[in-house]
Each structure stands twice: as structure tokens, then as C-alpha cells.
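Structure, as C-alpha cells:
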Amino acid sequence: MKNQVDRLNQQFQDARDVQAVLDYFLNHFSGKIGFASSMGAEDQVLTDLIQKTNSQTKVFTLDTGRLPDETYDLIDQTRNRYPDLRLQVYFPRPDNVEMMVAEKGVNLFYESIADRKLCCFYRKVEPLRRALQGLDGWITGLRREQSVTRQQLKLVEFDEDNALLKINPLIHWTEDEVWKYLRQNRVPYNRLHDSNYSSIGCAPCTRAVPQGGALRDGRWWWENPEHKECGLHRKNQELTLEKV
Ligand code: SF4
């Protein structure tokens with residue numbers, strides 16, 4: 001698998017043409033590749049491009065049960081904008097959430113990093129694993145400039161936790177390029193972005209970024225930057241279903 005990852009990164013090492021990257025992966029892995037959308041700005045770019053490339057591609061999002069109303073509105077707007085879009089919504093397993101809340105309360109994420117990761121695991125990581133079953137690869141909207149935890153991203157990576165390829169077509173894009181694309185193509189986006197929310201996740205763990213702040217300063221603002229991943233994009237998960 002490492003050879004395949006190296007070969008693909010070599011093949012696309014200078015590829016800033018995202019459409020060409022999508023053309024290759026959506027057709028080469030047709031039926032075996034999915035796009036995980038958080039409904040964020042980058043992911044809306046990719047949803048638009050994927051609809052123009054191969055509208056039968058599996059596109060899915062995770063409803064953690066704690067999303068802002070604005071994100072639910074965007075899900076509906078996106079479905080209306082793209083009639084051929086096969087947007088699947090995955091939910092956490094109720095028994096997992098009920099057990100967690102009974103033991104630790106509804107807002108456990110403010111208590112410790114471990115509790116926050118536990119919540120992210122049950123509400124995001126476990127549903128993601130289900131969504132990825134049967135696929136050989138998944139596409140994400142990660143960009144290198146988003147945070148200190150993403151600066152080493154490669155176009156193609158091997159996702160050890162889920163044992164499949166992970167393709168990040170927007171790694172080179174700047175925030176300006178994302179917004180230029182959205183505006184030029186009239187792509188729907190989360191209206192919270194108009195209120196200085198640069199990165200949007202669950203409502204209790206997201207807030208507006210103060211003027212001059214970094215892109216992900218509004219996510220888990222009570223934690224240090226190096227801890228700010230929800231578990232969807234980390235190698236070697238610290239938590240597994242068996243351990244929690
Ligand atoms: S972002 Fe917050 S509410 Fe959402 S799953 Fe993670 S800890 Fe839970």
C-alpha cells in the first residue's frame with residue numbers, strides 16, 4: 001500500500017488542478033470511493049466539483065446531534081441545489097451516546113481533553129468508520145494552512161485507522177481560493193461564515209474567531225492548538241471501540 005501511496009503522490013506531485021485529481025480518483029475508484037463532507041467551506045467546493053465530475057459518488061456527512069441550526073439548513077440547501085447528490089447522513093449509535101451521557105453528562109467535552117475526545121469518538125469517529133465500510137478510499141477537504149496539525153499533509157495518504165486511501169485534493173488551496181470558488185460558482189455555504197466563524201463543527205465546541213485569530217481558533221478554544229483534531233483525521237487513534 002505504501003508503494004501505491006508513493007506512486008500516486010509522485011504522479012500528482014505538482015497537481016494544483018483539483019478537477020484533474022478528482023477525475024482520476026472518482027473514475028479510477030468509481031463505486032469504491034466516498035467523500036466525507038463536514039459541510040464546511042472547503043467541503044462545499046468539493047461537493048460542487050464532485051457533482052460536476054461524477055454525481056454518483058457517495059457523499060456523506062456526520063450528524064453528531066450537536067450541530068448548529070445553520071448547518072442543518074445548509075444540508076437542505078445543498079440537497080436542493082444538487083438534485084443528483086446522494087448525500088447520506090450518518091448518526092451516532094444511540095446506545096453509545098446514552099451510556100456516555102449517563103456516565104459523564106451532556107457537556108463532558110469541557111471537563112478534559114480525554115472526555116472531549118470520547119465525545120468526538122462516539123459522535124464522529126465511530127459513525128465515520130461505518131460510513132467508510134466497503135470503500136477503498138475517501139476524499140477530504142483538508143488544507144495545509146488550516147492549522148499546525150495539518151501542515152505536513154500529502155495529497156494521498158494511507159489512513160491506517162480505516163485501512164484505506166485518503167485523498168486531500170485541496171491541500172495547496174488558500175482560504176481566498178476557497179471563497180473565490182464558492183462565490184464564482186454560487187455554491188451554498190454555512191451562513192455562520194458571515195459572522196466570523198471560519199471553521200464550523202458542533203455548536204458547543206465552535207465559536208466565532210476574533211479579528212486576527214487563526215482559522216481554527218474558534219474550535220475547542222479551551223485547548224492547545226496541537227490537540228485540536230476530532231479524531232477523524234489523526235493517525236493511530238488513542239481510543240478504539242474496545243477500549244472505551
Ligand atoms: S465537537 Fe464537541 S460536541 Fe461535537 S463530537 Fe466533538 S466534543 Fe462532542
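Using the structure shown, decide if Asp43 is in contact (Cβ under 8 Å) with a residue 60 or more places away in the chain and under 23 Å from Glu160 (Cβ atoms).
On the way: in contact (Cβ under 8 Å) with a residue 60 or more places away in the chain: yes; under 23 Å from Glu160 (Cβ atoms): yes.
Yes, satisfied.
Looking at the structure I just gave you, is Arg66 of a type outside the set (Gly, Ala, Ser), more than 18 Å from the chain's Cα centre (by Cα) and under 19 Å from Ala36 (Cβ atoms)?
So Arg66 does not fit the description; no.
Considering (1) more than 16 Å from the ligand (Cβ to nearest atom); (2) over 21 Å from Tyr72 (Cβ atoms); (3) not hydrophobic (A, V, I, L, M, F, W, C); (4) not in a helix (DSSP H, G or I), say which one Arg216 fails and leave the rest.
(1)
Could you please tell me which pairs satisfy a Cβ distance under 6 Å, a separation of 6+ or placement on different chains, a first residue in the range 1-15 that is assigned to a helix (DSSP H, G or I), and a second residue that is of a type in the set (A, V, I, L, M) and modelled with pLDDT of 85 or more?
Val5/Val156; Leu8/Val156; Asn9/Leu155; Asn9/Val156
Would you pick out the residues in the range 98-114 that are in contact with a Pro (Cβ under 8 Å, 6 or more places away or on another chain) and either β-branched (Val, Ile, Thr) or outside any helix (DSSP H, G or I) (or both)?
Asn107
Is one or more of the residues making up the range 183-199 free of Cβ contacts under 8 Å to residues at least 24 places away in the same chain, out of contact with any helix residue (DSSP H, G or I) (no Cβ under 6 Å at 6 or more places or on another chain) and of a type in the set (Phe, Trp, Tyr)?
Yes - at least one qualifying residue is present in the range 183-199.
Can you find a residue in the range 80-101 that is free of Cβ contacts under 8 Å to residues at least 24 places away in the same chain and acidic (Asp, Glu)?
So the first thing to find is which residues in the range 80-101 are free of Cβ contacts under 8 Å to residues at least 24 places away in the same chain, and the list is 80, 83, 94-95, 98-101.
Right, trim to acidic (Asp, Glu) and you get 95, 98.
Checked the range 80-101: at least one residue is free of Cβ contacts under 8 Å to residues at least 24 places away in the same chain and acidic (Asp, Glu).
Out of (1) surrounded by fewer than 17 Cβ atoms within 10 Å (Cβ to Cβ); (2) closer than 25 Å to Arg216 by Cβ; (3) touching a residue at least 40 places away in the same chain (Cβ under 8 Å), what's the single condition that is false for Gly34?
Unmet condition: (1).
With the requirement that a residue be in a helix (DSSP H, G or I), more than 16 Å from the ligand (Cβ to nearest atom) and in contact (Cβ under 8 Å) with a residue 40 or more places away in the chain, what does the range 115-145 give you?
Residues of the range 115-145 that are in a helix (DSSP H, G or I), as a first pass: 115-132, 144-145.
When the remaining residues are screened for being more than 16 Å from the ligand (Cβ to nearest atom), the result is 132, 144-145.
Selection gives Leu132, Glu145.
Could you go through the range 147-157 and let me know if any residue there is under 17 Å from Arg219 (Cα atoms) and within 16 Å of the ligand (Cβ to nearest atom).
For the range 147-157, residues under 17 Å from Arg219 (Cα atoms) and within 16 Å of the ligand (Cβ to nearest atom): present.
If you go through the range 48-68, how many residues are within 15 Å of the ligand (Cβ to nearest atom) and free of Cβ contacts under 8 Å to residues at least 60 places away in the same chain? Give the derivation first.
Our first condition is that a residue be within 15 Å of the ligand (Cβ to nearest atom); within the range 48-68, this holds for 61-68.
Going one step further and asking which of them are free of Cβ contacts under 8 Å to residues at least 60 places away in the same chain, we end up with 61, 63, 65.
Number of matching residues: 3.
From the list Asp161, Asp176, Asp95, Asp84, pick out the single residue that is closer than 24 Å to Gln211 by Cα and either part of a helix (DSSP H, G or I) or away from the ligand (no atom under 16 Å from the Cβ) (or both).
Of the residues listed, the single one that is closer than 24 Å to Gln211 by Cα and either part of a helix (DSSP H, G or I) or away from the ligand (no atom under 16 Å from the Cβ) (or both) is Asp176.
The values are calculated or read from the model by the stated rules, or taken from the named source; none is laboratory data. None of these values were measured; they are calculated from a predicted model. Because the Cβ atoms are built from the backbone with ideal geometry, glycine has one as well, and the counts that use them run over all protein chains shown.
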